[in-house]
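None of the figures in this text is laboratory data; all of them are computed from the coordinates on show. The structure displayed is predicted, hence computed values, not measured ones. Cβ coordinates were reconstructed from backbone atoms using ideal geometry, including for glycine residues, and neighbour counts include every protein chain displayed.
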Amino acid sequence: MSEPRPQRVRVTGPPRYASGPRSRRGDVHDQTPLGDVFLRSLLKEQLALAIRVLALIGLTLGLLPIAFHLWPRMADAELIGLPVAWVVLGGLVYPFLLLVGWRYVRSVERNERDFADLVEGPPQ
Amino acid sequence: MSGDAVPGLVAVLAVTVATLAIGTWGLRFSRTTSDFFVASRTVNPRLNASAIGGEYLSAASFLGVAGLLLVGGAQMLWYPVGWTAGYLVLLVLVAAPLRRSGAYTLPDFAEARLGSRVVRSACSLLVVGVGWLYLLPQFQGAGLTLESAIGAPRWVGPLIVGFVVLVNVMSGGMRSITFVQAFQYWLKLTALLVPAMVLLAVWVGDGRPAGTSGGAGWSVPVAGDGAIGLYTTYSLMIALFLGTMGLPHVVVRFYTNPDGRGARRTTLVVLALLGLFYLWPPVFAALGRVYGDDLVADGRGDVLVLELPRLMIGGVGGELLTGLVTAGAFAAFLSTASGLAIAVSGVLTQDVTSRFVGERGPTGSVAAAFRLAAVFAVSVPVLVALLATNVGVAQSVGLAFAVAASTFCPLLTLGIWWRGLTDVGALAGLAAGGLGAGGAAVLNLVGVHATGWPGALITQPAAWSVPIAFATMVLVSLATASRAPVHARRFLVRLHTPEVLEVGS
């Protein structure tokens, strides 16, 4: 996927700052301007992801009725000996929906992990 | 008829006994208020997903889809596809945030989000309305099935299903129902899969004859010709895709997940389970096209699943399969009706009966209030089903989806993703969508038959009522922006923050 790789870090000795970056958990909790920025970005990212999934469904399943309406001869087309509408809407659509859902869950959980890392600071 | 009745009778008895036994077993785990409403939020994703599948696959799925496909052809494939895709929409828009909201029911969510008792009451009213609209066809369908399977009078089905549901719901609330529902998903899948396999084998053995019956547009997934057909198809898709998230018995299940992540996993497993189930009704329809000419001619397409085994296989084999599908159909009524009864009772308990039976009292009185509410939630639709016997089963399920899509879908979506939603905006939107789709539902139920565009607009209201509801909610909220609740931002923080951070709550 298009996840940016974390920057490579050369380990040359023990970390110099024992405490590490400070946790931003309180910022999110208390709604400081910084916490607000964090949350706004998470919300925007998750919403964009949801809209992408809905658009994908709209552009695949959503276009089927109009396609059959515009090209009625599609109804005569056959796949493995069965009418194409039955193969697609009676069978193939379910693995497709599951795949889309699975990809969505993976992306959304990655967003949440990134957010958690951002707020908590990188793991020590 | 008496010889034919034996497998059906045995099947109905077996399902009833198993349901009551599992429900009573679950009683041993039900002690607290939280057990009753949300099974103490400890149901793991796989069990919960089976329970959702069991609850969601109603008689309309088990019996209705195959019959609709046989008679209507590919345009009816949108029903199972929409019922499944609805879960994908639910997954991406509401699943995890809804669980993190920490509310018991839909009205709880509305009140917590908007801080308004009035919106809460409106939601309670809608939950009860949608729940009853959906319970009615379950009880009626039970009457039809028992009539077809064992030749019982039409009033027996609603009474038996109503009684079993009531005992189950009253005995253990959500926790015991969860086990029952999960069992019933696998029962329904078996009851469809095994006969489908056997009948396919018989078909191959017969030399794979081609079908003849069924309408002309059997392979066209659009309802009829021209713009009206296109409108009807898209309107149905909107109602099903968006209505799922607003069904009260679906929503209440999401509160039983341990956390937001669990809610997403559950939804994913549900997508798989529903897909696995919906592969089989088209098989029945296709075989019905070969062997079920008489059913189509007699206009009895909806009993296709029950009758096909007998039509294709004589003797004991056919009777055994008939018993199996009858058991599945009966499980379908029981599980969907139980889920709806739980959801409606939960809302009634919080908003009505707990005022009479010791509000904020010890656990015992909450359980008593819940039981009182359950009696009320089940008996009203049973009575209506006994009195009004000529409302179309599939039709009223479709209308329940349209009403849910026009009311709870905008409320949940905007409430979860848009900070600017106000109580006045929510109320106006609920009223617009509820009156629009609900009004169309009432017109349908009282038997108004229009043709052409008015007919299409009334039978499939979602394509106009959902946008109206969304637009009203947004515009009125913008006009009353000063009323946006102060805690809205904090609430959204809680809905969208991953649990690992433990912000809020």
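With R₀ fixed at 51 Å, the C-beta to C-beta distance from B:L125 to B:A210 puts the FRET efficiency at about 0.45. Counted by neighbouring Cβ atoms within 10 Å, the residues B:I416, B:I150, A:I66 run from fewest to most as A:I66, B:I150, B:I416. For the peptides B:309-320, B:251-262, residues were scored by their other Cβ atoms within 10 Å and the scores averaged per peptide; the highest-first order is B:251-262, B:309-320.
Taken residue by residue and averaged, Cβ atoms of other chains lying within 10 Å of the Cβ of B:5-14 number 0. Taking one quarter of the surface of the convex hull spanned by the alpha-carbon atoms of region A:27-120 gives a direction-averaged projected area of 7.8 nm². How far is helix B:315-348 tilted, in degrees, relative to the longest principal axis of the Cα atoms in chain B, given as a value from 0 to 90 rounded to the nearest 10? Approximately 10 degrees, to the nearest 10. Against chain B, whose longest principal axis comes from its Cα atoms, helix B:280-291 is set at around 30 degrees. Spin-label model, B:V17/B:V486: points 7 Å from Cα along the beta carbon direction are separated by 6.2 nm.
For region B:279-329, the extents of the C-alpha atoms along the principal axes are 26, 24, 16 Å, listed from largest to smallest. What the Cβ-Cβ distance of B:A5 and A:R5 gives, at R0 = 51 Å and to the nearest 0.05, is a FRET efficiency of 0.15. Descending by average beta-carbon neighbour count within 10 Å, the peptides A:50-59, B:470-479 line up as B:470-479, A:50-59, the highest first.
Take each residue of peptide B:225-233, count the partner chain Cβ atoms within 10 Å of its Cβ, and average: the result is 2.
Helix-only arithmetic for chain B: the sum of -39500 (n - 2.57) across DSSP H runs with n ≥ 4, divided by the residue total, places the mean residue ellipticity at 222 nm at -25500 deg cm²/dmol. Treating r as the C-beta distance of B:D259 and B:A297 and R0 as 45 Å, the FRET efficiency rounds to 0.25.
Scoring B:430-439, B:322-331, B:45-54 by mean Cβ neighbours within 10 Å over their residues and listing the highest first yields B:322-331, B:45-54, B:430-439. Computed from Cα positions, the angle between helix B:117-150 and the longest principal axis of chain B comes to roughly 10 degrees. Sites listed here are trypsin sites (Lys or Arg not before Pro) in region B:409-502 whose DSSP assignment is loop and whose Cβ has at most 16 other Cβ atoms within 10 Å: B:R419. Under the convention that each Lys and Arg Cβ holds +1 and each Asp and Glu Cβ holds -1, the size of the dipole of chain B around its Cα centre is about 1700 debye.
Modelled spin-label separation between B:V352 and B:W25, with each label point placed 7 Å from Cα along the Cα-to-Cβ direction: 3.3 nm. Within 10 Å of the Cβ of each residue in B:406-412, the mean number of Cβ atoms contributed by other protein chains is 0.
In this simple spin-label approximation, B:V448 and B:L475 carry label points 7 Å from Cα along the Cα→Cβ vector, and these lie 2.2 nm apart.
In terms of surrounding Cβ atoms within a 10 Å radius of their Cβ, B:W132, B:W78 rank from fewest to most as B:W132, B:W78. Looking at region B:220-369, what % of the alpha carbon pairs are farther apart than 22 Å? The calculated P(r) of region B:220-369 puts 65 percent of pairs beyond 22 Å. The charge dipole of region B:64-206, taken about its Cα centre with unit charges on the Cβ of Lys, Arg, Asp and Glu (plus for the first two, minus for the last two), comes to roughly 520 debye. With kT/(6 pi eta Rh) evaluated at 25 °C and eta = 0.890 mPa s, and Rh the Kirkwood radius from Cα pairs, region B:2-501 diffuses with a coefficient of 107 µm²/s according to Stokes-Einstein.
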